[in-house]
Amino acid sequence: MNPACRRAQQAPAAGAAQLEVAGLRGELATAQERLDEYAEALRAISAGEVDALVFGAQPGLEQVFTLSSADRAYRNFVEGMSDGAATVSAEGIVLYANQALADLVASSCQQIMGQPIGDLFSPAIGKRLATVVCAASPGGSFEAALITSAGEAVPVLVGSSLSLTIDGESLTCITVTDLTSERQAKADVVHSANHDGLTGLPNRALLNDRIQHALERRASGKNVLALLFCDLDGFKLINDAYGHAAGDDTLRIVATRLTSAVRPEDTVARIGGDEFVILCEGLLDVTDAAVVAARVRTRSPRRSTWRGTSWR
């Protein structure tokens with residue numbers, strides 16, 4: 001199949017991954033706005049600035065918050081969040097944690113409450129978060145590593161919303177968003193941009209990058225660098241006689257055979273159609289390259305079978 005066609009097929013997958021990343025960010029921003037709204041209601045009422053707050057622009061749809069109703073709305077909203085959330089004292093102790101945060105650390109809400117908030121994160125991040133809490137002011141958001149009860153690190157986005165004072169005690173609301181899916185989506189985009197969608201081998205762009213780095217390393221050493229170009233005789237006849245599905249299976253078989261014929265540190269790339277390139281570094285002399293070429297020829301299939309039909 002034409003390489004341009006394959007790139008066109010990969011583009012929607014990369015675009016979908018980017019949309020998923022953007023969607024996660026949008027959901028976080030919306031949840032943060034709601035959380036800030038409820039936190040502000042609690043802060044204003046508990047500080048005695050107002051007796052109640054009214055939210056909502058449409059008649060008949062207003063929400064009236066007193067101290068008890070604001071606290072209840074805040075807790076109901078936080079419990080329904082897909083993101084982790086915690087209320088932390090000025091000393092950095094977790095006073096309240098929702099179920100989503102407990103799920104992230106593979107623990108229970110009761111076990112989290114009473115712990116220093118910094119203990120849930122890697123040491124460096126724990127100190128930074130403790131500083132944010134003790135300052136009793138919003139600290140924006142930053143990426144961190146949340147440590148589960150099993151000791152595993154989970155990438156998360158940590159945000160601190162409005163701080164508030166209730167009965168003379170300063171509290172800070174912390175949100176924790178799991179970034180695992182976002183990180184995976186980004187990794188998928190990068191992988192798709194650098195690998196052949198059919199065989200999974202490095203593509204031309206990644207091969208060129210590795211060649212450039214190999215040449216830079218070669219400049220400071222005496223070892224031999226080899227590039228082996230391979231193509232398939234009669235590949236067009238396979239496509240014409242048996243269809244592109246048979247051709248695709250043949251390319252996958254060849255990719256596997258070529259990979260098995262070289263060292264783990266060597267690169268086997270598909271640069272288009274039935275064309276492959278093998279990059280070998282650190283060879284002692286040109287005869288080593290000839291040995292690799294002979295091994296590749298030996299491993300390459302002389303006869304292929306597809307759905308009961310064989311050809312040479």
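Among Leu95, Leu232, the ranking by other beta carbons within 10 Å of each residue's beta carbon, starting with the fewest, stands as Leu95, Leu232.
Net charge in the neighbourhood of Leu232 (other residues with Cβ under 10 Å of its Cβ; Lys, Arg +1, Asp, Glu -1) is -3. Here the Karplus curve 6.51 cos²θ - 1.76 cosθ + 1.60, taken at θ = phi - 60°, turns the phi angles of the stretch 277-294 into couplings of 10, 10, 10, 10, 10, x, 6, 6, 7, 5, 5, 5, 5, 5, 5, 4, 4, 5 Hz, with x standing for Gly and Pro.
Counted by neighbouring Cβ atoms within 10 Å, the residues Val78, Val105, Val286 run from fewest to most as Val286, Val105, Val78. Can you classify the stretch 195-307 as rounded, prolate or oblate using the Cα gyration tensor, where a ≥ b ≥ c are the square roots of its eigenvalues, rounded means a/c under 1.5, and otherwise it's prolate if a/b beats b/c and oblate if not? Here the stretch 195-307 falls in the prolate category.
Look at Phe121, Phe235 and count the other Cβ atoms within 10 Å of each Cβ; fewest to most, that gives Phe235, Phe121. Close amide H pairs (under 5 Å, H built 1.01 Å from N) link Met113 with no residue at least 5 positions away or on another chain.
Working out 0.36 nm times the residue gap between Glu216 and Phe229, then minus their Cα-Cα distance, what length gain in nm do you get to one decimal?
On the way: separation 13, 0.36 × 13 = 4.68 nm, distance 2.11 nm.
The span from Glu216 to Phe229 would gain 2.6 nm if fully extended.
Distant-in-sequence amide contacts of Leu146, defined by a placed amide H-H separation under 5 Å and a gap of 5 or more residues or a different chain, comprise Val154, Val156.
Taking other residues whose beta carbon is less than 11 angstrom from the beta carbon of Leu201, and scoring Lys, Arg as +1 and Asp, Glu as -1, yields +2. Amide H contacts under 5 Å for Ser170: Ala90, restricted to partners 5 or more places along the chain or on a different chain, H placed in the peptide plane at 1.01 Å from N.
Only the coordinates and a few stated rules stand behind these numbers; no lab work does. Model, not experiment: these values are computed from the prediction. Using ideal geometry, Cβ is built from the backbone for each residue, glycine included, and neighbour counts are taken over all protein chains shown.
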